[in-house]
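To keep things clear, I will list the structure first and then write my remarks on it.
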Amino acid sequence: DLQLNQKIQWVSLQKDIKVDGLPNFLNAMIPVQNFADTAALVEKLDLVISVDTSVAHLAGAMGKPVWLLNRFESEWRWMRNKTTTPWYPSMRIFNEPQPGCWASVLGQVTQKLREYLG
């Protein structure tokens, strides 16, 4: 969504990924040496959007707003079809409704981003 891209500075929290040429993308992980560095970076962000990775757990444990893009055949801890979790009160879960159906998840996230940005 071009309008959202113009309003958002996207920050990659994935090691060894290229974001060159993507509009408004910053590869912030280049100088990161350890998990403490990652936590310091997460602390500066307004919102973390992630799949089920250590960064999602870190952001949740830190109390940062985090949106989890959850795969259909997920871990037990995300309690199927729930949008929240007792483990991380600051987390919102967007569930893939069936295998390979990420378009609906991304559509929901896009809509919520519009609301989040006002």
Please list K7, K18, K112 in order of solvent-accessible area, largest first, computed with a 1.4 Å probe with all protein chains present.
K18, K7, K112
Label-point separation (nm) for I30 and K44, each offset 7 Å from Cα along Cα-to-Cβ?
1.3
Could you quote the convex hull projected area for the stretch 51-111, Cα atoms only and averaged over all directions, in nm²?
3.9
Hey, can you grab everything whose amide H is under 5 Å from the amide H of I93? Only 5+ residues off in sequence or another chain; H modelled, so Pro and N-termini drop out.
L68, T84
Cβ charges +1 (Lys, Arg) and -1 (Asp, Glu), total dipole of the chain, debye:
260
For the chain, give me the percentage of DSSP beta bridges that are antiparallel, rounded to the nearest 5 percent.
0
Work from the charge dipole of the chain (Cβ charges, +1 for Lys and Arg, -1 for Asp and Glu, about the Cα centre) and give the residue of A61, T84, A36 farthest towards its positive end.
T84
Could you please tell me the mean projected area of the C-alpha convex hull for the chain, averaged over all directions and given in square nanometres to one decimal?
7.7
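The values are calculated or read from the model by the stated rules, or taken from the named source; none is laboratory data. Note that the structure is a prediction, hence the values are computed from the model and not measured. Here the Cβ is made from the backbone with ideal geometry for all residues, glycine too, and neighbour counts use every protein chain on show. Only protein heavy atoms, including side chains, enter the accessible area calculation; ligands, DNA and RNA are left aside. Shrake-Rupley method; radii C 1.70, N 1.55, O 1.52, S 1.80 Å.
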